[in-house]
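Trainee: Please see the structure below; I have some questions.
The values are calculated or read from the model by the stated rules, or taken from the named source; none is laboratory data. What you see is a predicted model, and the numbers here were worked out from it, not measured in a lab. Please note: Cβ atoms are built from the backbone with ideal geometry, for glycine as well, and neighbour counts cover all protein chains shown.
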Amino acid sequence: MDQVVQHKPLTFKDYKSDYKPVWCPGCGDFSVLASVTKALAELQIARENCAVISGIGCSSRIPAYTSVYGFHGIHGRALASATGLKVARPDLTVIATGGDGDGFSIGGNHFLHACRRNVDMTYIVMDNEVYGMTKGQASPTTASDWEGSKLTPHGTGVSPFNPLAVALSAGAGFVARGFAGDPNGSAKLITQAIQHKGFSFVQILSPCVTFRPEQTEWKKIIRKGEISETNALAEAMAFLATDDGFSTGVLYETQRPVYAPKQEEKYSVKDIEASFEL
Amino acid sequence: MTSQTVSIAITGAGGAGVMTAGQMLLDAAAKAGLYGLMTRSSGPQIRGGEAAAFIRLSSDPVACPDDHFDVLFCFDWMNVDRFAAELPLRNDSVIIGDASAGEAPDVLKNSGARMVLVPLSDTAKEVEGGRPNMIGLGMLGEIAGLPLDALSAILEKVLKRKGQTALDASIAGVKRGMEVAGELEAEIGINLHLASKDSETTRWSLTGNEAAGMGAIRGGVRFCAAYPITPATEILEWLAPNLEKVGGTLVQAEDELASVNMIIGGSFGGVPSITATSGPGLALMTEALGLAVSAEIPIVVVDVMRGGPSTGIPTKSEQSDLNIALHGLHGDAPHIVTAPNSISDCLFTTQWTVHLAEALQTTAIVLSDQSLGQSRNVIDKPADLAFVAKREVAPAHVVDYKRYALTDSGVSPMAIPGTPGGEYVADGLETQENARPSSQAEDHYAQLDKRERKLTGFDYGQHWAEIEGDSDFAVITFGSVTAPVREAIKRLEGEGQKVKLISMRLLAPALPDRFNEAMAGVKKALVVEQTHSKQFYRYLRSEFDLPKDTTVLAKPGPLPFRPNEIVTQIKELA
């Protein structure tokens, strides 16, 4: 692949496309986009060597708003496509993105196995506890008594999913939580996540002003940087046991063997063919 | 007198060494200059159940089972009746059993075949370290006329790791078996010795699943995501070590939704990618197959068909995934469907399909099936093929790069990540030429036309079908049923009756002009397929004009077509 020598450092604006987002005014995803582009600028990753992969949903539209390579696939499968890309092309920086419905409901199985597999890539989930694109249904992270959806008028009656706890128990080596109202803090988390060797998971609380207007109050209750980073799994788990979900920061980082099969051509196709000879 | 072909079935309880003996017999026959085919059958047990090896040896290349078995060799009678429907016998067939194994089941006693009991276990005991399956191997080797050195050579190759003692015991067992069979041949007057031909060509022994894997690697595939499923798993298990050898990678996925999306990701990264599955897995993958069509990302899925619907008959063959392969994708999603028509053609067709998928930047499904995938064939080494992955890629620093540019061919240069200036978003959404999402009518029309045009306008050359013979009577096939049809046509030719064969390798896109060309002068047609609902016939009816006088011979799995069924049908019609 061609290597471009960057004479002038790229700024976060260089990582944004000129395409106008479909998001509602005030959507938290705008600031997540800003955080992603700031992180890429911080790390000066060549645009052509980075790919942002997503599934379906409001937040999954993010690849088109960046200027790097993008992949806007099908609902729930961002992590699978990202895994395939990174394993086939280990030279690229791969960032999977999406929402809580895409990642934890339809794509829940891939989330578990991406945490286990530990491919060197980053997964950013913009969590607004609602399906926005389909106009306001409960997601796996919605509180069980939320009665705002026509689909579940009496609340879901189902316990919400705890993404950080699931990531920890499935074996993720980097787990963090950010808040859309703190774009610089989230940019730092994303930078650290990209730098982490192995699978890194960042949940970013990203208010939905249209279907969860009460989430605009999150800015008042968020405790920035209150999570203290640990490399002890038990400590991280213990923190989550009493956590209300509104503290931000890196929760857990540890180094585990990265899944990266070597790509060395040791034999020719003819050598393999010879194995069929009698 | 020597015969041209001999068919031998070996059955026994788990642990009797049926498959080992069968494979050694096949390999020894190949060593002796013969050709052969081995299919296998087993009970539902994961391990240790009764098993059967069906072997056909021949002086000339063979691609399908014969009408009946000449020899049924039973190490024991354990559940052998389970295989009865798979074991057509004639009055001149010989059943060989162990004298100390008790009473033979009625289904065999009433088969009309001659029954010969030999002291199999007792003979094995006479040889130090002797095992009944080696006595059996020696007997069957002698019956087929294989020389001892061919059998010894295979034993040496297989048992080298087990040490000299084990090897000596096996060779002694085989020798003893040959003696026993020699006496038997004289006693009951059977002689099935095959004449081997001196061959200059190198022989290969491989299964259809291995052949598909080899075709993928030859075609340039360097990434595979795998989720195991019977009867496709062997493709994936073969690819795992072999992709690694050529610098490729294989990932075991968590499910088929993941495996197909992983290969889309890998191929988006510029690496030719493949997965293999069977019906239930293909059903799970269909949404993503449409994504690859829409985003124009080349992928190949080998579907090794088994009995369906649902879990169906996982270990038995059927061609009933044709409908889902052709029509399973939602929306207007033109894609490629191919079908290998023999075990060796699994190599050619998979390689060609990789080439097509890459050249046309789309989804391609290879319809193999259990009878091709899991059968082992001794063939002449296939020719080298020029078909390799050759994707049209965008160079660096293109100004105003348009990923989905409306080219004449319909194929648009694809920017591969790592290429500066090519940054775009691959999308399942309908797009404009510049890859930005669009719900405008003009963009949808233009992109639909483009995706169709690139497939229908492509020159597929002569490989879209195999057309053999000339007659106003044609048999139309695809896939594994082709081999018994071919053999039936050859037999009829021997009787002076000419029949044309049209075996379609390219099922989608349909090429009506090529089909009409092939059908010129044909007044009568027979469609042969292994489905219950005549899926192939309905497909042909929907895409092409068939003669008024067209008959369908459709039979679902699990039993294979045998050449005489087709001979009988053709004679009735002609």
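Trainee: In the list A:Ala82, A:Ala78, which residue meets the criterion of being under 30 Å from A:Glu214 (Cβ atoms), modelled with pLDDT of 95 or more and either within 11 Å of chain B (Cβ to nearest Cβ) or touching a His at 6+ places or on another chain (Cβ under 9 Å) (or both)?
Mentor: Going through A:Ala82, A:Ala78 in turn, the sole match is A:Ala78.
Trainee: Looking at this structure, is A:Leu43 closer than 24 Å to A:Ala172 by Cα and surrounded by fewer than 18 Cβ atoms within 10 Å (Cβ to Cβ)?
Mentor: Taking the combined requirement at face value, the residue satisfies it.
Trainee: Working carefully through the options B:Glu452, B:Glu442, find the one that is free of Cβ contacts under 8 Å to residues at least 12 places away in the same chain, of a type in the set (Asp, Glu) and either closer than 16 Å to A:Val68 by Cα or not assigned by TED's automatic domain parsing to the domain that holds B:Val527 (or both). Walk me through it before giving the result.
Mentor: Details: B:Glu452 fails: free of Cβ contacts under 8 Å to residues at least 12 places away in the same chain.
Unique residue meeting the criteria: B:Glu442.
Trainee: In segment B:249-278, what residues are of a type in the set (A, V, I, L, M) and within 23 Å of the chain's Cα centre (by Cα)?
Mentor: Matches in segment B:249-278: B:Leu250, B:Val260, B:Ile263, B:Ile274, B:Ala276.
Trainee: All but one of (1) closer than 25 Å to A:Asp182 by Cβ; (2) out of contact with any Pro (no Cβ under 8 Å at 6 or more places or on another chain); (3) of a type in the set (S, T, N, Q); (4) crowded, with 24+ Cβ neighbours inside 10 Å hold for A:Ser54; state the number of the condition that does not hold.
Mentor: Going through the list (1) closer than 25 Å to A:Asp182 by Cβ; (2) out of contact with any Pro (no Cβ under 8 Å at 6 or more places or on another chain); (3) of a type in the set (S, T, N, Q); (4) crowded, with 24+ Cβ neighbours inside 10 Å, A:Ser54 breaks only (2).
Trainee: Being touching a helix residue (DSSP H, G or I) at 6+ places or on another chain (Cβ under 7 Å), over 20 Å from B:Ser267 (Cβ atoms) and modelled with pLDDT under 95, is that true of even one residue in segment B:419-433?
Mentor: Checked segment B:419-433: no residue is touching a helix residue (DSSP H, G or I) at 6+ places or on another chain (Cβ under 7 Å), over 20 Å from B:Ser267 (Cβ atoms) and modelled with pLDDT under 95.
Trainee: Please return the ranges of helices (runs of 4 or more DSSP H) entirely within segment A:100-197 where 1 or more residues are within 15 Å of the chain's Cα centre (by Cα) and more than 29 Å from A:Glu42 (Cα to Cα).
Mentor: Helices (runs of 4 or more DSSP H) meeting the threshold: A:108-117, A:163-170.
Trainee: Inspect segment B:439-451 for any residue being surrounded by fewer than 20 Cβ atoms within 10 Å (Cβ to Cβ), modelled with pLDDT of 95 or more and within 14 Å of another protein chain (Cβ to nearest Cβ) and give the result as yes or no.
Mentor: yes
Trainee: Might you check whether a residue that is outside any helix (DSSP H, G or I), under 27 Å from A:Gly136 (Cα atoms) and in contact (Cβ under 8 Å) with a residue 24 or more places away in the chain occurs anywhere in segment A:32-48?
Mentor: Within segment A:32-48 (the criterion being outside any helix (DSSP H, G or I), under 27 Å from A:Gly136 (Cα atoms) and in contact (Cβ under 8 Å) with a residue 24 or more places away in the chain), the answer is no, since none of the residues qualifies.
Trainee: Further question: Using beta carbons and a limit of 6 Å, which pairs, at least six apart or on different chains, have the first residue in segment B:121-134 and basic (Lys, Arg) and the second one surrounded by 13 or more Cβ atoms within 10 Å (Cβ to Cβ)?
Mentor: Going by the 6 Å Cβ cut-off, the qualifying pairs are B:Arg131/B:Ala124.
Trainee: Just to check your reading of the model, which residue among B:Glu210, B:Glu244 is within 14 Å of chain A (Cβ to nearest Cβ), part of a helix (DSSP H, G or I) and surrounded by 21 or more Cβ atoms within 10 Å (Cβ to Cβ)?
Mentor: Just a single option satisfies the conditions, and that option is B:Glu210.
Trainee: Right, next: Here is a list: A:Phe201, A:Phe211. Which entry is more than 30 Å from B:Val378 (Cβ to Cβ) and not in a strand (DSSP E or B)?
Mentor: A:Phe211
Trainee: Does segment B:507-520 contain any residue that is in contact (Cβ under 8 Å) with a residue 24 or more places away in the chain, more than 20 Å from B:Asp303 (Cβ to Cβ) and buried (at least 22 other Cβ atoms within 10 Å of the Cβ)?
Mentor: No, segment B:507-520 has no match at all.
To keep it simple, each residue is scored yes or no on (1) under 30 Å from B:Pro417 (Cβ atoms); (2) within 14 Å of another protein chain (Cβ to nearest Cβ); (3) among the aromatic types (Phe, Trp, Tyr); (4) within 17 Å of the chain's Cα centre (by Cα).
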{"site": "B:Glu287", "(1), (2), (3), (4)": "yes, yes, no, no"}
{"site": "B:Gly290", "(1), (2), (3), (4)": "yes, yes, no, no"}
{"site": "B:Pro298", "(1), (2), (3), (4)": "yes, yes, no, no"}
{"site": "B:Val302", "(1), (2), (3), (4)": "yes, no, no, yes"}
{"site": "B:Gly312", "(1), (2), (3), (4)": "no, no, no, no"}
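Trainee: Output the residue which, of all residues in segment B:213-236 that are out of contact with any Gly (no Cβ under 9 Å at 6 or more places or on another chain) and within 14 Å of chain A (Cβ to nearest Cβ), is surrounded by the fewest Cβ atoms within 10 Å (Cβ to Cβ).
Mentor: Per the criteria, the residue is B:Gly220.
Trainee: Hey, another quick one. So A:Ile124 ticks every box in (1) more than 14 Å from every other protein chain (Cβ to nearest Cβ); (2) touching a His at 6+ places or on another chain (Cβ under 8 Å) but one. Which box is left unticked?
Mentor: (2)
Trainee: Also: Condition check: part of a strand (DSSP E or B) and either touching a helix residue (DSSP H, G or I) at 6+ places or on another chain (Cβ under 6 Å) or at negative phi (or both). Does B:Val293 satisfy that?
Mentor: On the way: part of a strand (DSSP E or B): no; either touching a helix residue (DSSP H, G or I) at 6+ places or on another chain (Cβ under 6 Å) or at negative phi (or both): yes.
Spelling it out, it is not the case that B:Val293 is part of a strand (DSSP E or B) and either touching a helix residue (DSSP H, G or I) at 6+ places or on another chain (Cβ under 6 Å) or at negative phi (or both).
Trainee: Would you check if B:Ala211 is in contact (Cβ under 8 Å) with a residue 60 or more places away in the chain, under 21 Å from B:Leu37 (Cβ atoms) and touching a Leu at 6+ places or on another chain (Cβ under 8 Å)?
Mentor: Yes; evaluated as a whole, the condition is true for this residue.
Trainee: Among the candidates B:Ala405, B:Ala465, B:Ala435, which residue alone is over 29 Å from B:Ile217 (Cα atoms) and crowded, with 20+ Cβ neighbours inside 10 Å?
Mentor: Working: B:Ala405 fails: crowded, with 20+ Cβ neighbours inside 10 Å; B:Ala465 fails: over 29 Å from B:Ile217 (Cα atoms).
Only one candidate passes the filter, namely B:Ala435.
Trainee: If you don't mind, another one. Pick from B:Gly43, B:Gly36, B:Gly48, B:Gly22: which is buried (at least 24 other Cβ atoms within 10 Å of the Cβ) and without any contact (Cβ under 8 Å) to a residue 60 or more places away in the chain?
Mentor: Working: B:Gly43 fails: buried (at least 24 other Cβ atoms within 10 Å of the Cβ); B:Gly36 fails: without any contact (Cβ under 8 Å) to a residue 60 or more places away in the chain; B:Gly48 fails: buried (at least 24 other Cβ atoms within 10 Å of the Cβ).
Answer to the selection: B:Gly22.
Trainee: Okay, next question. With the requirement that a residue be of a type in the set (Asp, Glu) and under 28 Å from B:Lys316 (Cβ atoms), what does segment B:481-499 give you?
Mentor: B:Glu487
Trainee: When you look at A:Val158, is it touching a strand residue (DSSP E or B) at 6+ places or on another chain (Cβ under 6 Å), farther than 20 Å from A:Cys58 by Cα and not aromatic (Phe, Trp, Tyr), yes or no?
Mentor: no
Trainee: Also, I was wondering about something else. Among the residues of segment B:452-462, how many are surrounded by fewer than 16 Cβ atoms within 10 Å (Cβ to Cβ) and within 25 Å of the chain's Cα centre (by Cα)? Lay out the reasoning, then the answer.
Mentor: Just the residues of segment B:452-462 that are surrounded by fewer than 16 Cβ atoms within 10 Å (Cβ to Cβ), to begin with: B:452, B:456-457, B:459, B:461-462.
After this cut, where a residue has to be within 25 Å of the chain's Cα centre (by Cα) as well, the list is B:461-462.
Number of matching residues: 2.
Trainee: State yes or no: is B:Ala283 of a type in the set (Gly, Ala, Ser), more than 7 Å from chain A (Cβ to nearest Cβ) and outside any helix (DSSP H, G or I)? If you could, list the steps in order and put the result at the bottom.
Mentor: Values: of a type in the set (Gly, Ala, Ser): yes; more than 7 Å from chain A (Cβ to nearest Cβ): yes; outside any helix (DSSP H, G or I): no.
When the stated conditions are applied, B:Ala283 does not pass them.
Trainee: Sticking with this structure for a sec: Evaluate the following for B:Asp92: is it over 21 Å from the mean Cα position of the chain (by Cα) and of a type outside the set (Val, Ile, Thr)?
Mentor: On the way: over 21 Å from the mean Cα position of the chain (by Cα): yes; of a type outside the set (Val, Ile, Thr): yes.
When the stated conditions are applied, B:Asp92 passes them.
Trainee: Give the residues of segment B:254-269 that are facing another protein chain (nearest Cβ under 7 Å) and either of a type in the set (D, E, K, R) or within 19 Å of B:Ala216 (Cα to Cα) (or both), sorted by residue number.
Mentor: Once the filter is applied, which keeps residues that are facing another protein chain (nearest Cβ under 7 Å) and either of a type in the set (D, E, K, R) or within 19 Å of B:Ala216 (Cα to Cα) (or both), segment B:254-269 yields B:Glu254, B:Asp255, B:Asn261, B:Met262, B:Ile263, B:Ile264, B:Gly265, B:Gly266, B:Phe268, B:Gly269.
Trainee: For A:Ile56, state whether it is more than 7 Å from chain B (Cβ to nearest Cβ), touching an Asp or Glu at 6+ places or on another chain (Cβ under 8 Å), assigned to a helix (DSSP H, G or I) and under 21 Å from A:Phe30 (Cα atoms).
Mentor: Judged against the criteria, A:Ile56 is not a match.
Trainee: Hey, could you check segment B:174-197 for residues that are surrounded by fewer than 18 Cβ atoms within 10 Å (Cβ to Cβ) and within 25 Å of B:Ser375 (Cα to Cα) and say which is modelled with the lowest pLDDT?
Mentor: If we take residues in segment B:174-197 being surrounded by fewer than 18 Cβ atoms within 10 Å (Cβ to Cβ) and within 25 Å of B:Ser375 (Cα to Cα), then B:Lys197 is modelled with the lowest pLDDT.
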